[in-house]
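This report concerns only the one structure given below.
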Amino acid sequence: MTDQEAIRALVGDLQWQIDQMRERRIKNNAGHQYNPSFYKRGLEDAIEQGGTAVAEYVKAYLYKAPSGGYQKLESEGALDLACEALVVAEDKPYESLFSDEDRQAARDRLGPHIEAIEARKAERRARIDAARAKLRETGLPERPDLDWALRSRR
């Protein structure tokens, strides 16, 4: 695979990640649809530059402090939408664009956040399991208003 084919595949995956932010309804701090406009402008500029500029753009994110967008994705449990997730995926057609050091930097960045996400998921599962156990023990709560509404539809 040529570098240009690898770049096209990388751009496709980066754009998919951006599209998924809308699909998954990722919100900004004000509760509106999150739009990574700064990231998108930088990506567009890298695409226009051509060559391996897109890969260099992604690499730059690996070696600086996590951006606000990255922190937003982490808080939403959506780090699979961070460019770091593409760098660590060694089975992608663009893996040759990134060095072992780049992949390690991405793993180092994702590591503590993934642990936090897994901990939140475990807490959520525990709450759901506790609620289910309570329902099994006590049965469904009484809802006379719901019972009346259901009977009236018969």
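Between Val11 and Glu48, the simple spin-label model (points 7 angstrom out along Cα→Cβ) gives 1.3 nm.
Calculate the dipole size of the chain relative to its Cα centre from +1 charges on Lys and Arg beta carbons and -1 charges on Asp and Glu beta carbons; express the result in debye to the nearest 20.
On the way: 26 positive and 28 negative charges, 271 e Å.
I would put it at about 1300 debye.
Per-residue ellipticity at 222 nm computed for the chain from its helices equals -22500 deg cm²/dmol, with DSSP H segments shorter than 4 residues left out and the rest contributing -39,500 (n - 2.57). Share of carbon and sulfur in the accessible area of the chain stands at 50%, probe radius 1.4 Å.
Taking 7 Å steps out from each Cα toward its Cβ at Glu101 and Gln4 produces label points 2.9 nm apart. Straight-line reach only, C-alpha to C-alpha below 30 angstrom: list the lysines that Lys92 could link to, leaving out same-chain residues fewer than 8 apart. Excluding near neighbours in sequence, the set is Lys27, Lys40, Lys59, Lys64, Lys72, Lys121.
The values are calculated or read from the model by the stated rules, or taken from the named source; none is laboratory data. Predicted, not measured: the structure shown is a model, and the values here were computed from it. No Cβ is skipped: glycine too gets one built from the backbone with ideal geometry, and neighbour counts run over all protein chains shown. Remember, those area values only see protein heavy atoms, side chains included, never the ligands or the DNA or RNA. Shrake-Rupley method; radii C 1.70, N 1.55, O 1.52, S 1.80 Å.
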